[in-house]
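Input: a single structure, listed below in structure tokens.
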């Protein structure tokens, strides 16, 4: 990946495609969030996944060289970046734990808590992919939530 981005407006997804051609959504990124395939951005190797916009979006993009210059020349920016990376790593660990230990209902409710404005902006099949559920299972969970 050649760029590290900041989402000014819009909604994107970071995903990978499995050997069976199934898309696996790793992350949604909305306004005021960073987006990149960080591994590829740091290593310079080809990205293992892809990023695409789910809505019209505006992004600020930095090359690796410009990003590193910002970190070197603005210590507060570097400190912020380090803090945000720590939060991202913790969130990723929480998501992994949820994926391997939670029920479908718990996964969906955690998604709603974490991304309260996304559930109306993201197609149901993409939410299911992000949660590691089938569309049918997610539909059942949502229907059960709607019952009085």
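Output the 0 to 90 degree angle, nearest 10, between the alpha-carbon long axis of helix 104-114 and the longest principal axis computed from the alpha carbons of the chain.
40
So how do 79-90, 60-71 stack up, highest first, on mean other-Cβ count within 10 Å? Mind showing how you got there, number by number?
Details: 79-90: 11.3, 60-71: 13.3.
So the peptides 79-90, 60-71, ranked by packing, come out 60-71, 79-90.
Taking only Cα atoms, what is the 0 to 90° angle, nearest 10, from helix 75-101's long axis to the longest principal axis of the chain?
Value to nearest ten degrees: 20.
Across all directions of projection, what mean area in square nanometres is found for the Cα convex hull of region 1-74? Before the final figure, lay out each step's value.
Values: hull surface 20.9 nm².
Average projection, Cα convex hull of region 1-74: 5.2 nm².
What Kirkwood hydrodynamic radius do you get for the chain when you take the inverse of the mean 1/r over all pairs of distinct Cα atoms, in Å?
Numbers: mean 1/r = 0.0596 Å⁻¹.
Evaluated over the chain, this radius sits at 16.8 Å.
Rounded, prolate or oblate, given the Cα gyration tensor of region 32-89, with a/c below 1.5 counting as rounded?
Details: a/c = 1.64, a/b = 1.40, b/c = 1.17.
It comes out prolate by the Cα gyration axes.
For the chain, what relative contact order do you get, as a whole percent, if you take Cα pairs closer than 8 Å and at least 6 residues apart?
On the way: 184 pairs, mean separation 33.8, N = 148.
This gives 23 percent for the chain.
Packing-wise, with mean Cβ within 10 Å as the measure, how do 29-37, 137-145 rank, highest first? Provide the component values of the computation, followed by the final result.
Numbers: 29-37: 18.0, 137-145: 14.3.
In decreasing order of mean packing, 29-37, 137-145 become 29-37, 137-145.
Give me the extension gain from residue 24 to residue 85: residue separation times 0.36 nm, minus the current Cα-Cα distance, reported in nm with one decimal.
Details: separation 61, 0.36 × 61 = 21.96 nm, distance 2.23 nm.
Going from the current span to full extension adds 19.7 nm.
Can you show me the helix-derived [θ] at 222 nm for the chain, built from DSSP H runs with n ≥ 4 at -39,500 (n - 2.57) apiece and divided by the number of residues, rounded to the nearest 500. All intermediate terms of the calculation are to be shown ahead of the outcome.
Values: 6 runs with 74 residues, N = 148.
Taking each H run of at least 4 residues, the total per residue is -15500 deg cm²/dmol.
What are the extents of the Cα atoms of region 69-148 along their three principal axes, in Å, largest first?
Each principal axis gives a Cα extent; for region 69-148 these are 55, 26, 22 Å.
Read-outs: derived from the displayed coordinates by stated rules, not from any lab. Nothing here was measured: the structure is a model prediction, and the numbers come from that model. Cβ coordinates were reconstructed from backbone atoms using ideal geometry, including for glycine residues, and neighbour counts include every protein chain displayed.
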